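Comments concern the structure below.
The values are calculated or read from the model by the stated rules, or taken from the named source; none is laboratory data. Computed from a prediction, not measured in an experiment: that's the story for all the values here. Note that we place each Cβ from the backbone using ideal geometry, even for glycine, and neighbour counts take in every protein chain shown. Heads up: the accessible areas ignore ligands, DNA and RNA and are worked out on the full protein's heavy atoms, side chains in. Shrake-Rupley method; radii C 1.70, N 1.55, O 1.52, S 1.80 Å.
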Amino acid sequence: MFWGDASRPAYCEPPVVPGHEFVGRIVDIGNEAASRWRVEAGDRVVVEQIVPCGECRYCLRGYHWLCRRHDIFGFHQKTQGAMAEYMLLPERSRLHRIAGHLPAAHAAFAEPLSCSLHAVERAEVGFDDVVVVAGVGPIGLGMVAGARQRNPRCLVAVDQDPSRLELAKSCGADVALDIRDGDPVAKVSELTEGYGCDVYFEATGSPSGVVQGLKMLRKLGRFVEYSVMREPVSVDWTIIGDTKELDIRGAHLGAYCWPTAIRMIESGLLPIDRIISHQLPIEEFATGLRLVADARKSVKVSLAGF
Ligand SMILES: [Zn+2]
């Protein structure tokens, strides 16, 4: 998707300044924007990653996160990203004020957390649900924390990294399953009298996470896909219709979840100091990118510009 293939053009428009998860202070702002977002120069803000066009069918119907133009900071020429001293926010940017006393790395976590919360809303997690979050990187951990807010019957985290599973428990998981300790599908079956889970969040980024979810869900269960996949996925598609009548739901960006994400961060509900495994000065960005590439060495890496 990012670099294009035979069937679609590249989404990225290089050369572009990257960075779509950020926090900063307003240096200058026009009166109209200031009154629209109830902010002023000097305020600390987080900004939604997408700058909607305001004119396409999706924008006009309130689905701005699916905007046809889809200008996201750090990907398109029109929306240069945050790895810079200053950013220019186009007029349709969506700003949210955030507490000035928070560490910058905590505040910037509003972006991934809003994405996780949107996935939880897509899943319509209910009180009696057994909920599985597969893959507890930063997005999966936010899904655990978000699902915890709905207080389901049982919240299960699945991963292959013990330290991430510990973090998932700190975010509110009742059960942490390490896939190296045995088949997680069998374990979830045991937890549910053989039925399977009600909700499955796919946040592994791996085709095996999709196959696992289709097996783990009960009939009429809900599968929420959030991963960006490097490879195409092959599954037994029949499970969705003929066998289980599943509800497969995509989720993208954070939509209307930013205020809740900010509230959760400001109230200290998440162990963000542990989720942000590394904080580096921006001069060491190359080291930071290498750390991100190795999931065993880092969870979330933050760069501080000033
Ligand atoms: Zn639009």
## Note on the structure
Picking from Leu269, Leu289, the residue that is in a loop (DSSP other than H, G, I, E, B) and either of a type in the set (Phe, Trp, Tyr) or open to solvent by 40 Å² or more (accessible area, probe 1.4 Å) (or both) would be Leu269
#### Entry: Given (1) of a type in the set (Gly, Ala, Ser); (2) within 30 Å of Leu280 (Cα to Cα); (3) open to solvent by 10 Å² or more (accessible area, probe 1.4 Å), index of the condition Gly182 fails
(2)
### Query
Name the pairs whose Cβ atoms lie under 9 Å apart, with the first residue in segment 77-105 and aromatic (Phe, Trp, Tyr), the second assigned to a loop (DSSP other than H, G, I, E, B) and surrounded by fewer than 16 Cβ atoms within 10 Å (Cβ to Cβ), and 6 or more positions between them or separate chains?
Tyr86/Val27
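Sort out for me the helices (runs of 4 or more DSSP H) sitting completely within segment 36-137 that have 3 or more residues that are away from the ligand (no atom under 16 Å from the Cβ) and either on the phi < 0 side of the Ramachandran plot or of a type in the set (A, V, I, L, M) (or both).
Where helices (runs of 4 or more DSSP H) fall fully within segment 36-137 and carry at least 3 residues being away from the ligand (no atom under 16 Å from the Cβ) and either on the phi < 0 side of the Ramachandran plot or of a type in the set (A, V, I, L, M) (or both), they are 104-108, 110-123.
Which of the residues that make up segment 147-166 are open to solvent by 60 Å² or more (accessible area, probe 1.4 Å) and not hydroxyl-bearing (Ser, Thr, Tyr)? Steps first, please.
To start, the set of residues in segment 147-166 that are open to solvent by 60 Å² or more (accessible area, probe 1.4 Å) comprises 149-151, 153, 160, 162-163, 166.
Correct list: Gln149, Arg150, Asn151, Arg153, Gln160, Pro162, Glu166.
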### Query
Would a scan of segment 22-34 turn up a residue that is away from the ligand (no atom under 16 Å from the Cβ), open to solvent by 70 Å² or more (accessible area, probe 1.4 Å) and in contact with a helix residue (DSSP H, G or I) (Cβ under 6 Å, 6 or more places away or on another chain)?
no
### Query
Among the residues of segment 63-81, is any under 17 Å from Cys257 (Cα atoms) and of a type in the set (D, E, K, R)?
no
### Task
Taking Leu280 as meeting all but one of (1) under 19 Å from Val23 (Cα atoms); (2) within 19 Å of the chain's Cα centre (by Cα), write down the number of the exception.
(2)
### Task
Filter segment 213-241 down to the residues that are among the charged types (D, E, K, R) and modelled with pLDDT of 95 or more, then identify the one that is nearest to Val185 (Cα to Cα).
Lys215
### Message
Quick check on my filter: what residues within segment 243-261 are open to solvent by less than 80 Å² (accessible area, probe 1.4 Å) and under 14 Å from the mean Cα position of the chain (by Cα)?
### Response
Gly250, Ala251, His252, Leu253, Gly254, Ala255, Cys257, Trp258, Thr260, Ala261
### Query
Quick one: what pairs do we get from segment 38-66, first residue free of Cβ contacts under 8 Å to residues at least 24 places away in the same chain and open to solvent by less than 100 Å² (accessible area, probe 1.4 Å), second within 7 Å of the ligand (Cβ to nearest atom) and among the basic types (Lys, Arg), C-beta under 9 Å, 6+ apart or different chains?
Cys56/Arg68; Cys56/Arg69; Cys59/Arg68; Cys59/Arg69
### Query
Which of the residues that make up segment 245-266 are assigned to a helix (DSSP H, G or I), aliphatic (A, V, I, L, M) and under 18 Å from Glu124 (Cβ atoms)?
Ala255
### Query
Counting only residues that are touching a Lys or Arg at 6+ places or on another chain (Cβ under 8 Å) and open to solvent by 100 Å² or more (accessible area, probe 1.4 Å), which one in segment 67-97 is nearest to Phe22 (Cα to Cα)?
Arg97
### Task
Report yes if Val131 is under 23 Å from Gln212 (Cβ atoms) and out of contact with any Cys (no Cβ under 8 Å at 6 or more places or on another chain), otherwise no.
no
